[in-house]
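To keep things clear, I will list the structure first and then write my remarks on it.
The values are calculated or read from the model by the stated rules, or taken from the named source; none is laboratory data. Just so it is clear, the model here is predicted, and its values are computed rather than measured. Note: ideal-geometry Cβ built from the backbone for every residue, glycine included; neighbour counts use all protein chains shown. Just so you know, the surface numbers come from the protein's heavy atoms only, side chains and all, with ligands and any DNA or RNA stripped out. Shrake-Rupley method; radii C 1.70, N 1.55, O 1.52, S 1.80 Å.
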Amino acid sequence: MKGEVMKRIVLMLLGIVCLNGLQAQDKALVNTSASPYAKLSSVNMGDVTWTNGFWADRFKVCRETMIPNLWKIYSDPKLGHAIQNFEIAAGLDSGQHVGPPFQDGDFYKLFEAVAVMYSATHDPKLDALMDNTIALFAKAQRTDGYIHTPTLIDERQNPKKTKAFEDRLNFETYNLGHLMTAACIHYRATGKKNFLDIAIKATDYLYRFYKTASPELARNAICPSHYMGVVEMYRTTHDPKYLELAKNLIDIRGFMKDGTDDNQDRIPFRQQTEAIGHAVRANYLYAGAADVYAETGDTTLMHTLNLVWNDVVNRKLYVTGGCGALYDGVSPDGTSYLLKDVQEVHQAYGRDYQLPNFTAHNETCASVGNVLWNWRMLQITGDAKYADIMELTLYNGMLSGISLDGTKFFYTNPLSVSDDLPFRQRWSRDRVGYIAYSDCCPPNVVRTIAEVSNYAYNISDKGLWVNLYGGNNLSTKLKDGSEIRLGQTSNYPWNGRVNLKFEQTPGKEFSVFLRIPGWCKNAELMVNGKPAGVKLISGTYAEINHKWKKGDQITLNMPMPVKYIESNPLVEETRNQVAVKRGPIVYCLESVDLPKRDKVNQIALSSRLSLNPQLIRIDNSNIVSLTGIADVRNEGNWSNKLYKEISLNTSTANIRLIPYYAWDNRGHTNMETWIPFDR
């Protein structure tokens, strides 16, 4: 008992010291620098600057268009109404809450993007914008720390009727979680405590609530972003009660009499063996549980995370990294004799190998959650398999959620789209400028693009880890505080050649770990023009230990042939079809690139076909397309027919495939990712 008390005192004193001045390695996006069960820690925000190429282009659009456009939308009383909700909650205006109950959380995501952008640019206009917005948050927050504009506005109009956390679908903890995360990042980016003070009050409120609420009310949480948020508050303040809260949130989960598979709380977390239910909620839960493991080393959490990760990656993940096959469904599906056990699920993981194309849900937020989860698993383990999934999702399933010009968005990301389908689904098949009632995806994808540079490198006791490739400059410190600077030159993902050149080193030995992607075969690694003498294995990190000096260069060559990818034959909808990949990029076929007489579903690829890379521009973005000649199956008229005799009439056509993330940027079109294939 005395030891536990002493530990709490030390942690609180450490928190006071940290809050009086940020320490080295404390300015990371996700700060695992002191996490006892994390192998890796992040470099600080602002340590990586994109210089040219793919992510430099996306970052530029994010700065110039994505963030300003979304801020304008959330400031518009006829669209986002987010700022107006806070003004009404603060008593600065009158009116009703407008928008979904999770609107606050989505605005906090956008604020987070602004804070991350400030860490890279130090733009004083962004700093002033954040200060003004934080002042509004402070005015809206109750004195006890509670802040949730739908309830606060109702309280002003019906003070005796409205209660906090009364409705589990009110998303209060979701909103609070994003507030906590945004506040920690703002503090690390600016050194200012004005937003962090609000988050401390809110987290203290949540801690007291869970201490005093009834068990059923305490378990009344949905879409658990607050798991990540509470742990990040612990890492920022070192207040031990926040880690206590985070552990308790996991412990109480799954003991509700009305728990659901859709919310992953029908059974306790530690008893779960597969991914079920709403994919966004699931991935947020898994990311939060990984955070708790990084601080506690609770192996029962990692046991569940390993089982679920294996289930997702080997049975339920789309080739793009997308998650959540179903618009609507049931759980368990077809395995129980008792109908009373069957529950409704939506926007959810389906059965094993249930991966439809036309009706794939693949919410953009689920892809973001997939990145958050795999990033945390990478920090814990240093295992490249998590970086592979993170990269796959960043380039494909996540990035498809936003247009190349940064102003239009997808809520769902199907792998095939056709105007011939006789039904319409609830979400638009074309990107839209504002997703009414569910605008959660736009700020999520925008904050992710703003933050990608923070995923590029890690550090550990042994040295520097290179996770993602692209033109950038790195200026950071190793674990012992020694400074390093290097430049990375690459046209990745269009070209597999990467060059690292040291500009400053500490003059001592340390290791550089370079990720050899799982898709890559026959990579070559050179140090100062000579073979590195290191065995290169796909899906692992290659370690080079050396006494580095200024001017030393590391060159990694990763061949990028076009590859045809097939699925497990248990995936019914893609049998005898292939997806096309080159490097980490998944490709698709759009009708806009075909002769008007041909449809995307008539095109067939074969082993005889050679697809050749060709640089093109779409909406001011450089893109490598793939061109070639394919077979066209002239199948005749399918009007009002379900079956007919096969047609052997074929011809050929010139085709062009483009990256999946870039589809629907040239007007209304049909699209196909899985394409029939003749061996």
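Between SER610 and LYS340, the FRET efficiency estimated from the beta carbon spacing at R0 = 56 angstrom works out to 0.50.
Calculated [222 nm] ellipticity per residue, helices only, for the chain: -10500 deg cm²/dmol; basis is -39500 (n - 2.57) per DSSP H run with n ≥ 4, divided by all residues, nearest 500. Would you work out if segment 198-309 is rounded, prolate or oblate? Take a ≥ b ≥ c from the square roots of the eigenvalues of the alpha-carbon gyration tensor; rounded if a/c is under 1.5, else prolate when a/b is larger than b/c, oblate otherwise. Judged from the Cα gyration tensor, segment 198-309 comes out oblate (a/c at least 1.5, b/c at or above a/b). Distance from the Cα centre of segment 643-679 to that of segment 218-283, in angstrom? Distance between centres, Cα-based: 42 Å. Give, as a single signed number, the net charge of other residues whose beta carbon lies under 10 Å from the beta carbon of LYS547, with Lys and Arg counted +1 and Asp and Glu -1. Here the count lands on 0. Here the simple spin-label model places points 7 Å from the Cα toward Cβ, and for ASN248 and ASP93 these points are separated by 3.7 nm. With a Förster radius of 60 Å applied to the C-beta separation of SER538 and THR143, the computed FRET efficiency comes to 0.60. Bridgeable aspartates and glutamates around LYS530 (alpha carbons under 12 Å apart, same-chain partners fewer than 8 residues away excluded): ASP552.
Using a ≥ b ≥ c from the Cα gyration tensor of segment 320-416 (square roots of the eigenvalues), is it rounded, prolate or oblate, where a/c under 1.5 gives rounded and otherwise the larger of a/b and b/c decides, a/b for prolate? Don't jump to the answer; show the numbers that get you there.
Numbers: a/c = 2.63, a/b = 1.40, b/c = 1.88.
Oblate, since a/c reaches 1.5 and b/c is not below a/b.
Simple spin-label estimate for ASP131 and ASP333 gives 5.3 nm between the two label positions (7 Å along the Cα-to-Cβ direction from each Cα).
Average accessible surface for segment 113-199: 38 Å² per residue, computed with a 1.4 Å probe over protein heavy atoms with every protein chain in place. Among the listed pairs LYS477/LYS508; LYS201/LYS479; LYS163/LYS241; LYS109/LYS139; LYS563/LYS596, those whose Cα-Cα separation exceeds 21 Å are LYS201/LYS479; LYS163/LYS241; LYS563/LYS596.
Beta-bridge orientation, the chain: approximately 95 percent antiparallel, per DSSP, counting only bridges with both partners inside.
For the chain, which whole-number percentage of the solvent-accessible area (1.4 Å probe, protein heavy atoms only) is attributable to carbon and sulfur atoms? Intermediate results must be reported in sequence, preceding the final value.
Values: 13680 of 26930 Å².
Answer for the chain is 51 percent, counting heavy atoms of protein chains only.
Note that segment 230-343 presents 34 Å² accessible area per residue, ligands and nucleic acids not counted, probe 1.4 Å. Peptides 460-471, 636-647, 228-239, ordered by how many other C-beta atoms sit within 10 Å of their residues on average, highest first, read 228-239, 460-471, 636-647.
Where only protein heavy atoms count, and the probe is 1.4 Å, what is the accessible area per residue for segment 368-477 in Å²?
Heavy-atom accessible area per residue stands at 24 Å².
Spin-label model, GLU572/SER428: points 7 Å from Cα along the beta carbon direction are separated by 3.3 nm. Averaging the Cα positions of each part gives two centres, and for segment 323-353 and segment 36-113 these lie 33 Å apart. Once the C-beta distance of ALA34 and ASN306 is scaled by a Förster radius of 22 Å, the resulting FRET efficiency is 0.35 to the nearest 0.05. Peptides 280-293, 499-512 ranked from most to least packed by the mean count of surrounding Cβ atoms within 10 Å: 280-293, 499-512. The length gained by stretching the chain between ASN522 and GLU64 to full extension, at 0.36 nm per residue less their Cα-Cα distance, is 161.0 nm. For the set LYS39/LYS72; LYS408/LYS599; LYS316/LYS408, the pairs lying more than 32 angstrom apart at their alpha carbons are LYS39/LYS72. For segment 37-193, the relative contact order works out to 28 percent when only alpha carbon pairs closer than 8 Å and six or more residues apart are counted. Computed over neighbours whose Cβ is under 11 Å from that of ALA348, the net charge equals -3, Lys and Arg +1, Asp and Glu -1. Once the chain from ASN634 to ARG208 is taken as fully extended at 0.36 nm per residue, the excess over their C-alpha distance is 146.6 nm.
The charge dipole of segment 58-144, taken about its Cα centre with unit charges on the Cβ atoms of Lys, Arg (+1), Asp and Glu (-1) only, comes to about 280 debye.
The trypsin sites (Lys or Arg not before Pro) of segment 541-607 meeting both criteria, a DSSP state outside H, G, I, E and B (loop) and at most 13 other C-beta atoms within 10 angstrom of the site's C-beta, are LYS549, LYS550, ARG575, LYS596, ARG597. A simple rule links phi to the HN-Hα coupling: the Karplus curve 6.51 cos²θ - 1.76 cosθ + 1.60 with θ = phi - 60°, which for segment 331-344 gives 8, x, 9, x, 10, 10, 7, 9, 5, 5, 7, 8, 10, 6 Hz, with x for Gly and Pro.
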